[in-house]
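Heads up, the thing below is written out as structure tokens.
What follows is calculated from the coordinates using simple rules that are stated; it is not laboratory data. All figures in this text were calculated on a predicted structure; none of them were measured in a lab. We place every Cβ from the backbone using ideal geometry, glycine too, and count neighbours over all the protein chains shown.
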Amino acid sequence: MQTIISIQKLSKVYASGYQALKSVDLDIRRGEIFALLGPNGAGKTTLINIVCGIVKPSSGSVTADGHDIVRDYRAARGMIGLVPQELSTDSFETVWSTVSFSRGLFGKPANPAHIEKVLRDLSLWDKKDSKILTLSGGMKRRVLIAKALSHEPRILFLDEPTAGVDVELRQGMWQMVRNLRESGVTIILTTHYIEEAEEMADRIGVINKGELIVVEDKAVLMRKLGKKQLTLQLRAPLQTLPGALAGLPLELTEGGQTLVYTFDTQQEETGIGELLKQLAGLGIDFKDLHSSESSLEDIFVSLVHAGKPAQPPAIDTKNNKELA
């Protein structure tokens, strides 16, 4: 699939010496939904801000649809729409005015038909004459998306797009994002809602301490790193595992009432049949059993479990410096 964003050896070091990004390499495919996951301070927003021209990189290069973000800033930025985390917009403007004004900032001629389509697609048409300050948090979030789409970008960054949005509205926004992808827009999102990435993303990248530690198709990632567990509720508790079972991936939990067997989904033989035979031979009986599979959240936690990121300094992204 054709690449629309190419990031090569991208690093960012702030004045204090804090390194927010460490030689990141990443290609985003045209027309995909790419989810960038990571704990607080991992470098997600710094990466997005560099690609969008808000923060200057220390080294490396980024191109958006072939346009270098530094040498050909205007063309590159015109390809990109950004929905930031913060609900920052002119509270006293109407929805129609603020979205139309955003289009003009990119040098685009007035196009009322396009603005109307964007507002209708985001269920904002009946609010077009309302002032921003009268809207709910979820509606304000939709206005930010409308502003980002006003100049008809082919790349859309969504930085925590459903933060503070209720569950029902979040579902509607997920569908809106899918519709945008189907229209040819490439979507890159960051999110703290792991189920959001699991529900929507085609590919997933995990960043931690400024380093991109994995990039993989969602299905492949879950197949490679996912594990299944067989949980057996025992009829009589065990104090310890019998020596004959010591070499198996077994764990006693709940005071010896539960036996948990972990197996690799990649292996042809799960070993469950042999386990059940051994339990029967040892006179260990169970009253119930069920299996479960790792979620994307389990995989994410395991990937970043090696260490917590250093707490980053507060950054003034407008002036590209640390705050005191």
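Cross-link pairs exceeding 22 Å in C-alpha to C-alpha distance, out of LYS56/LYS209; LYS44/LYS131; LYS44/LYS128; LYS117/LYS218, comprise LYS44/LYS131; LYS44/LYS128; LYS117/LYS218.
By the beta-carbon count within 10 Å of each Cβ, the least crowded to most crowded order of LYS228, LYS140, fewest first, is LYS228, LYS140.
With 25 Å as the limit on Cα-Cα distance, the pairs of LYS9/LYS108; LYS228/LYS277; LYS127/LYS147 that go past it are LYS9/LYS108.
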